[in-house]
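A.B. asks: Just dropping this structure here.
The values are calculated or read from the model by the stated rules, or taken from the named source; none is laboratory data. Nothing here was measured: the structure is a model prediction, and the numbers come from that model. Because the Cβ atoms are built from the backbone with ideal geometry, glycine has one as well, and the counts that use them run over all protein chains shown. With ligands, DNA and RNA removed, areas are computed over all heavy atoms of the protein, side chains included. Shrake-Rupley method; radii C 1.70, N 1.55, O 1.52, S 1.80 Å.
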Amino acid sequence: MGLEEPRENLRNGGGLSEQWAESVVRPRTTERHIQVNKRLLLGFAVSIIALILVSGLAVALGVRFEDCSGRTDPDGAAAAAAESGPRGGSPKMNANKGERTTEEEPWRSSRLPGSLRPRHYELQLLVHMDNFTFAGEVSIELECVNATRYIVLHADRLEVDRVSVTAEGGAGGRSANKQGGGAMRVNRHFAFGATQVYVVALQRELKPSRIYRLNISFEAAIEDELLGFFRSSYTLHRERRYLAVTQFSPTHARKAFPCFDEPLYKATFALTLSHDLQYTSLSNMPVESSWQSEVDGWSSSRFARTPRMSTYYLAWAVCNFTYRETHSDSGVTVRLYARPDAIASGAGDYALDVTKRMLGFYQDYFQVEYSLPKLDLLAVPKHPYAAMENWGLSVFVEQKILLDADVSSASYQMELTMVVVHEICHQWFGDLVTPAWWEDVWLKEGFAHYFEYVGADFLFPKWNMENQRFLTDVLHEVMLLDGLSSSHPISQEVEQASDIDRVFDWIAYKKGAALIRMLANVMGQPLFQKGLNDYLLSHMYSNAARDDLWTKLSQAMRSEGRDIDVGSVMDRWTLQMGYPVVTVSREPSEQLPTHAIAVTQEHFLYGQEAGGNNGRQAPAFIHSLWFVPLTVAVGTSSGVTSETLLWISNHTETHRIGRMDERSWLLGNINQTGYFRVNYDLHNWKLLIQQLHSGHQIISVGNRAGLIDDAFNLARAGYLPQSVPLQLIGYLPEETSFLPWHSASRALYQLDKLLDRTDDYSLFSDYVLKQVAARYHQMGWPTNEGNVLQTSYQTQELQRELIMLACSFGNKQCHRQAVVYISDWISSNKNRIPPNIRDIVYCTGVSLMDEDVWEFIWMKFHSSSAVSEKKVLLEALTCSDNIFLLNRLLNLSLTSDLVPQQDVIDVIIHVGRNPQGRSLAWRYFREKWEVLNARYGEALFMNSKLISGVTEFLNTERELQELKDFIQVSGVGAVPALPRAVEMVEGNVRWHRLHRRSVFQWLRKPQSA
Ligand SMILES: [Zn+2]
């Protein structure tokens, strides 16, 4: 799945606030009365039975087909009784009604019992778009693994109508004998809500190695929330049009049909959809046959049988979209479906082309063909995630797939590209080979996230995504989170369905990607590719756990004579949380001191405090060790030696290194391919800083960005004096590359959050402006000519970064330019502001200019129809210095329907990012907690965005106490965001107590060049 990436804003370094990316709010569900057209349902049921008879013959693999209606049962009365048996009753009340129970009640377990394995599903659905209900019948071919009297499978919010079970014979295709064949007597069937399962209790045991068929008919609503089979709408020619689409990952297929809804239960699926003639339907596979009934006005499509797959990426849609089509080089049909007006305008063409090229890229890279005959991309107006990788039918929210090159910024195009590249990667990592269980969701998400960068480099080689942008957007971002003691290991145990959503977090995506990148660099590209190819081929159409991957990668290494046990190396990184800081220093005790270095490793934590008396018990993992692949090089002003790879596995080690003299410095983690921080002795830091000032190009772009990020974070956590990072960025006026600037600005916004309410703040902002001024004036402002697809991405991004820094830290010329743009827009009513910097200009204008500008932007927000533009306008409103206006915005957001519901949380968070609005947002959040909680319900708990967003800037003892009081009084309970928020704020308070003074002391000293 693609999560929403945090967007960077003024006074925000894309920090901790949005790490839980499920940004769309799910309203609470309400019970819905289901009305299904009975006449149609009856006709449908008859046709289903007929279809099952026909298709059963085709698919039963030689197994004799038994009539599932129960008429061949010698005890027909029993089957009939079972069909009208108790539904949804309490299992306790009904327990042991005629069952000789030897099994415990298997439906109480949070995981399916494993006695039965689904082999094939025949699923028929009758979709009523007029009243948003559907009726279905599923026929599941089951193989019995262990004898059991119970069939336990998932079902949630389904109204089950009839249930029957028939025995079909042996698993090897043997036909059923007299005793084993025919209808099975069902004692009772019931839903068990606590574990979202449906239970069919049988009179007799199902026998191992035999095949059974379970038939269930059911009804349900097409929900108005974004889960299961849900509906959505859009406007075309002033008319409201509806569509219905699925989102099953991770645990919502059970809301659309009874199924074994765990990734391990792979089976084949044959789907038939019936709906009103005016709609078309899509699913994972192409349509095999279709027919229409003019009398009823119904149209039906039967889709080809899928390969073996898990339930969570099964998908279907009923809509009246149009499409554009292309073909990959290997003949796969690729279509992009969207609203007819979007298709007509060509807004889907860019993503279609990217998809076609990426299919070719992945086939070459993995040496494994794409598995299905077609791949459809579906652009929907509303979706809970950026996108979902359903095999053959991937679904995207419109903003992540439709591109209007004339009004889109470069970052919008980049984001969209990467979402598409991500989902296409999942067709292999996720769909073809599926993680065995959700604890290893990073096995698919880490790969898809890593390949976003590799794939983007294939599409746009000049973007340098994998060796540059990856550092700031993935590595630096996740190390912020993973440096907290409230972090968690990347492989997390989960059992309950309600916990599974939580594994889709930035640790899984970004740490997963960072670890994979580290491994790829250690192995080298050819061996890494060879290992992945072997892994995919060995587990295709099946499941894999992390050990399966490690085995294949180890084998690849061994084939080249490199005997590294990848599993034992990587277990250290996946089973323990956090990461190490590696300190590299010259070894003084050696006889030849210039030839040896001492290397130590320890768990990096922001909670470090000199003397260790921070009152917190050292957690058990604090003594953890990692197998660290440390690359080291020695440099002087004339060049850098080639790197040496050292495996560090102890707390302290000594290693020999190439020749060094007094002027040579050490550099660790070359190009920042490793997932750890590097610290040095102070003398080495001094030499590195001198090198940056005298000739920064000697050190690679990636390492320049890495040194900046490491220095700021080491200082923040107390490993390094505060003056080091400030001295280090003194070289920035000479820096012409985007990445080090981006790394610095992220770190500076973090520091800004700590300092911007202090008396001496101007010392800090003046220092930042001093670094920015020369390069900002040299780069200037963008012109409106040329679109984002043509101009240089790196140049545009650097220009944008400098304008953002200049305007947010108070450069007068930058402010004037923003005011000129806004004034021109108001007087001419023509928006001539280049799309790439509109957010900066709007925000600066609103913060500097009078209330009329705020009203103007508010008006434009209402009249704008472009989704991306609307969002930028709304966020600009939160930039005002006027508390009255901010308060008004907060109240309007919450109490009127002027602001879309899913944007209200963003409004509160953005008010909190505005230094003038911080106290207001924090107070407002606490005051309105009950209202927010009532409206967003479960979503607020699932999604810690709001909590992090309104607390990350708190940094006084009083605010910390307010946070603790709030947690106690509100009883918000075990939301993972809360311990993290408390830890963050404690860290902020501690930083002020220990380090603020030394920052200002250094800033006050006159600085030499
Ligand atoms: Zn994904």
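A.B. asks: Any residue in region 239-253 that's farther than 15 Å from Leu277 by Cα: show its pairings with residues that are among the charged types (D, E, K, R) and surrounded by fewer than 22 Cβ atoms within 10 Å (Cβ to Cβ) at Cβ separation under 7 Å, as long as the two are six or more apart or on different chains.
C.D. replies: Pro250/Asp501
A.B. asks: I need the strands (runs of 3 or more DSSP E) fully contained in region 652-750, keeping only those with at least 2 residues that are open to solvent by less than 10 Å² (accessible area, probe 1.4 Å). I'd like the intermediate steps shown before the answer.
C.D. replies: Details: elements: 652-656, 665-668, 677-680.
The strands (runs of 3 or more DSSP E) meeting that bar are 665-668, 677-680.
A.B. asks: Hey, another quick one. Report, by residue number, each residue of region 359-388 that is within 16 Å of the ligand (Cβ to nearest atom) and of a type in the set (Gly, Ala, Ser).
C.D. replies: Within region 359-388, Ala386, Ala387 meet the criteria.
A.B. asks: Restricting attention to region 623-635, report how many residues are in contact with a helix residue (DSSP H, G or I) (Cβ under 8 Å, 6 or more places away or on another chain) and surrounded by fewer than 16 Cβ atoms within 10 Å (Cβ to Cβ). Let's see the steps before the verdict.
C.D. replies: Quick first cut of region 623-635, residues in contact with a helix residue (DSSP H, G or I) (Cβ under 8 Å, 6 or more places away or on another chain) only: 624-627, 629, 631-633, 635.
Add one more test, that the residue is surrounded by fewer than 16 Cβ atoms within 10 Å (Cβ to Cβ), and what stays is 625.
Total satisfying the criteria: 1.
A.B. asks: Now for a separate question. Filter region 414-446 down to the residues that are touching a strand residue (DSSP E or B) at 6+ places or on another chain (Cβ under 6 Å), part of a helix (DSSP H, G or I) and either of a type in the set (Lys, Arg) or open to solvent by 10 Å² or more (accessible area, probe 1.4 Å) (or both) and list them by number.
C.D. replies: Selection gives Val419, Lys444.
For every residue, the table says whether it meets (1) farther than 26 Å from Ala545 by Cβ; (2) outside any helix (DSSP H, G or I); (3) within 16 Å of the ligand (Cβ to nearest atom); (4) open to solvent by 10 Å² or more (accessible area, probe 1.4 Å).
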residue: Ala448; (1), (2), (3), (4): no, no, yes, no
residue: Tyr453; (1), (2), (3), (4): no, no, yes, no
residue: Phe458; (1), (2), (3), (4): yes, no, no, yes
residue: Gln468; (1), (2), (3), (4): yes, no, no, yes
residue: Asp473; (1), (2), (3), (4): yes, no, yes, yes
residue: Ser486; (1), (2), (3), (4): yes, yes, no, yes
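A.B. asks: Kindly provide the set of residues from region 978-1009 that are open to solvent by 50 Å² or more (accessible area, probe 1.4 Å), in a helix (DSSP H, G or I) and more than 30 Å from Gln968 (Cβ to Cβ), ordered by number.
C.D. replies: Once the filter is applied, which keeps residues that are open to solvent by 50 Å² or more (accessible area, probe 1.4 Å), in a helix (DSSP H, G or I) and more than 30 Å from Gln968 (Cβ to Cβ), region 978-1009 yields Arg997, Gln1001, Arg1004.
A.B. asks: Among the residues of region 244-254, are any surrounded by fewer than 18 Cβ atoms within 10 Å (Cβ to Cβ) and out of contact with any His (no Cβ under 9 Å at 6 or more places or on another chain)? Please lay out each step first, then the result.
C.D. replies: Restricting attention to region 244-254, the residues satisfying the condition of being surrounded by fewer than 18 Cβ atoms within 10 Å (Cβ to Cβ) are none.
No.
A.B. asks: Something else about it: Among Gly297, Gly331, which is out of contact with any strand residue (DSSP E or B) (no Cβ under 9 Å at 6 or more places or on another chain), open to solvent by 10 Å² or more (accessible area, probe 1.4 Å) and either closer than 28 Å to Arg162 by Cβ or small (Gly, Ala, Ser) (or both)? Give the derivation first.
C.D. replies: Values: Gly297 fails: out of contact with any strand residue (DSSP E or B) (no Cβ under 9 Å at 6 or more places or on another chain).
So the residue among Gly297, Gly331 that is out of contact with any strand residue (DSSP E or B) (no Cβ under 9 Å at 6 or more places or on another chain), open to solvent by 10 Å² or more (accessible area, probe 1.4 Å) and either closer than 28 Å to Arg162 by Cβ or small (Gly, Ala, Ser) (or both) is Gly331.
A.B. asks: Taking region 416-441, which residues are within 26 Å of His488 (Cβ to Cβ), more than 10 Å from the ligand (Cβ to nearest atom) and among the aromatic types (Phe, Trp, Tyr)?
C.D. replies: Trp437, Trp438
A.B. asks: Does Glu869 meet the test of being open to solvent by 10 Å² or more (accessible area, probe 1.4 Å), of a type outside the set (Gly, Ala, Ser) and modelled with pLDDT of 95 or more? First the steps, then the outcome.
C.D. replies: On the way: open to solvent by 10 Å² or more (accessible area, probe 1.4 Å): yes; of a type outside the set (Gly, Ala, Ser): yes; modelled with pLDDT of 95 or more: no.
No, not satisfied.
A.B. asks: Okay, next question. For region 147-172, give me each residue that is over 22 Å from Phe192 (Cα atoms) and part of a loop (DSSP other than H, G, I, E, B).
C.D. replies: Initial filter on region 147-172 (over 22 Å from Phe192 (Cα atoms)): 166-172.
Hits for region 147-172 are Ala171, Gly172.
A.B. asks: Looking at region 389-413 only, could you name the residues that are within 13 Å of the ligand (Cβ to nearest atom), open to solvent by less than 10 Å² (accessible area, probe 1.4 Å), under 29 Å from Asn464 (Cβ atoms) and not polar (S, T, N, Q)?
C.D. replies: Answer for region 389-413, where residues must be within 13 Å of the ligand (Cβ to nearest atom), open to solvent by less than 10 Å² (accessible area, probe 1.4 Å), under 29 Å from Asn464 (Cβ atoms) and not polar (S, T, N, Q): Glu389, Phe396.
A.B. asks: Scan region 488-516 for residues that are open to solvent by 20 Å² or more (accessible area, probe 1.4 Å), of a type in the set (A, V, I, L, M) and within 16 Å of the chain's Cα centre (by Cα) and report the count.
C.D. replies: The number of residues fulfilling the criteria is 0.
A.B. asks: Let me ask you something else. Test Leu336 against the criterion of being among the aliphatic types (A, V, I, L, M), in contact (Cβ under 8 Å) with a residue 60 or more places away in the chain and assigned to a helix (DSSP H, G or I), and give yes or no. Steps first, please.
C.D. replies: On the way: among the aliphatic types (A, V, I, L, M): yes; in contact (Cβ under 8 Å) with a residue 60 or more places away in the chain: yes; assigned to a helix (DSSP H, G or I): no.
Taking the combined requirement at face value, the residue does not satisfy it.
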